[in-house]
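Any read-out appearing in this document is the output of simple, stated calculations on the displayed coordinates, not a laboratory observation. Predicted model, so just to flag it, every value in this text is computed and none were measured. Note: ideal-geometry Cβ built from the backbone for every residue, glycine included; neighbour counts use all protein chains shown.
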Amino acid sequence: MNNADLVAYAARLPKAELHLHLEGSLEPEQMFAFAKRNKVDIPFRSVEEIRAAYNFSNLQDFLDIYYQGMSVLKTEEDFFDLTVAYLNRVRADNVRHVEVFFDPQGHTERGVSFDTAASGILTALSLAKAQFGMTASLIMCFLRHLPEDEAMETLRQAEPWLDRIIGVGLDSSEVGHPPSKFERVFKAAKERGLKCVAHAGEEGPHEYVYEALDVLQIDRLDHGNRSLEDDALVKRLAQQEMTLTVCPLSNLKLCVVDDMRAHPIKKMLDLGLRATVNSDDPSYFGGYVMDNFEAVIEAVDLDKEDIKTLAKNSFLGSFLSEGEKRAQLSAIDFIT
Ligand code: ADE
Ligand code: ZN
């Protein structure tokens, strides 16, 4: 198959997205609309000016602008509209299941309640199921640059919502904020029956991946690129069938890789790692799930089996029931 055929094949396959920050799906046009209706000042005069600011040399560069961007989100309706826009967009990419992140502390620290954000998002997720049969789960992330006590307080605020939240995650500035800083709050989350995921080995060293596995007892690894620096870790991740939520365009934009041709997605598959393709923060990094498939298909030598494996991995690595996984996997087998 040539690259165009591989892209078309990837587009036809049912897929799940497992690494998506809803706040990172805020498109510049929406940023303007929300700023206007909520009377929030933003330091940009046009959509072009916003896009021009999306030039990052590392994770922190991006996070500074990401937290500023989310300041336009104020009401339940904003969170609802943001989520609906994302779900509609990925539906066009044949995404059938999503497990999305949100950053409650990015909102509570500026006076928007946990309930406001959670309610708007969850209403949109239920609507997607009712209207077009897309299944969706919500993961709340703790901001790792903040103290663990504040993460604990966030878990308390989440208490009334926990039957509708599938898990907890860990994101924001990685270096200097190892997973072990959040041992207690992840233990408390596990005790409440929540799944645990964490960003690790994106910018931070592979030792953080060991900590995420051993201290946080994660069920899934977000990014994990730097695991490749340690052979024993790769072997362990492969043996444990740990899913890695890899985000190619994000890796390029945040200089985790210098060139898409050097992206390790193929290498990960060849090493037996359960890698998946995700968009992370699509509005900031230049694209949604299919844009990410397209970018790696163009740059790296993936074949049809690899594409099929990536799509299957997205369901295998999800928190769907075994029955739901089986149904999605057999649907993939039917597509040529
Ligand atoms: N928050 C949103 N996107 C992120 C990323 N790629 N890494 C860490 N924190 C994030
Ligand atoms: Zn992320």
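Quote the convex hull volume per residue of the chain, based on C-alpha atoms, as a whole number of Å³.
Looking at the chain, the number lands at 125 Å³ per residue.
Pick from Ser71, Ser279, Ser57: which is most flexible by mean-square fluctuation in a GNM of the chain where alpha carbon atoms under 10 Å apart are linked?
Among Ser71, Ser279, Ser57, the largest mean-square fluctuation in the Gaussian network model of the chain belongs to Ser57.
Could you give the size of the charge dipole of the chain about its Cα centre, using +1 on the Cβ of each K and R and -1 on the Cβ of each D and E, expressed in debye and rounded to the nearest 20?
That gives the chain a dipole magnitude of about 880 debye.
In whole Å and largest first, what semi-axes does the C-alpha gyration tensor of the stretch 136-193 yield when each eigenvalue is scaled by 5 and square-rooted?
Taking √(5λ) for each eigenvalue gives 19, 12, 10 Å, largest first.
Please compute the net charge surrounding Glu207, taking Lys and Arg as +1 and Asp and Glu as -1 over other residues with Cβ under 11 Å from its Cβ.
It works out to a net charge of -3.
Among Gly193, Leu221, Val209, pick out the residue whose Cα is farthest towards the positive end of the charge dipole of the stretch 176-239, where Lys and Arg carry +1 and Asp and Glu carry -1 on C-beta, about the Cα centre.
Comparing the listed Cα positions along the dipole, Gly193 ranks first.
Anything over 26 Å Cα to Cα? Flag those among Lys195/Lys312; Lys266/Lys325; Lys235/Lys266; Lys235/Lys312, in the order listed.
Over 26 Å apart, Cα to Cα: no pair at all.
If you line up the Cα atoms of the stretch 95-178 on their principal axes, what length do they span on each, largest first, in Å?
Principal extents (Cα only, largest first): 42, 25, 21 Å.
If each Cα of the stretch 1-70 is one equal point scatterer, what is log10 of I(q)/I(0) from the Debye formula at q = 0.11, 0.25 Å⁻¹?
Computed log10 I(q)/I(0) values: -0.43, -1.09.
Given +1 on the Cβ of Lys and Arg, -1 on the Cβ of Asp and Glu, and no further charges, what dipole in debye does the stretch 87-127 carry about its Cα centre, rounded to the nearest 20?
I would put it at about 220 debye.
Place a +1 charge on the Cβ of each Lys and Arg in the stretch 75-167 and a -1 charge on the Cβ of each Asp and Glu, then give the dipole magnitude about the Cα centre in debye, rounded to the nearest 20.
Here the size comes out at about 520 debye.
For the stretch 144-291, evaluate the Debye formula with one uniform point scatterer on each Cα (no solvent term) and list log10 I(q)/I(0) at q = 0.10, 0.19, 0.20 Å⁻¹, rounded to two decimals.
Values, matching the q order: -0.35, -1.18, -1.26.
Using every pair of alpha-carbon atoms in the stretch 236-300, split the distances into 10 Å bins beginning at 0 and state the percent of pairs per bin, rounded to integers.
Computed distribution, short to long bins: 24, 53, 21, 2.
How many percent of Cα pairs in the stretch 1-149 exceed 28 Å?
25 percent
Give me the one-decimal nm value for the distance between modelled label points at Asp219 and Glu298, 7 Å along each residue's Cα-to-Cβ direction.
3.6 nm
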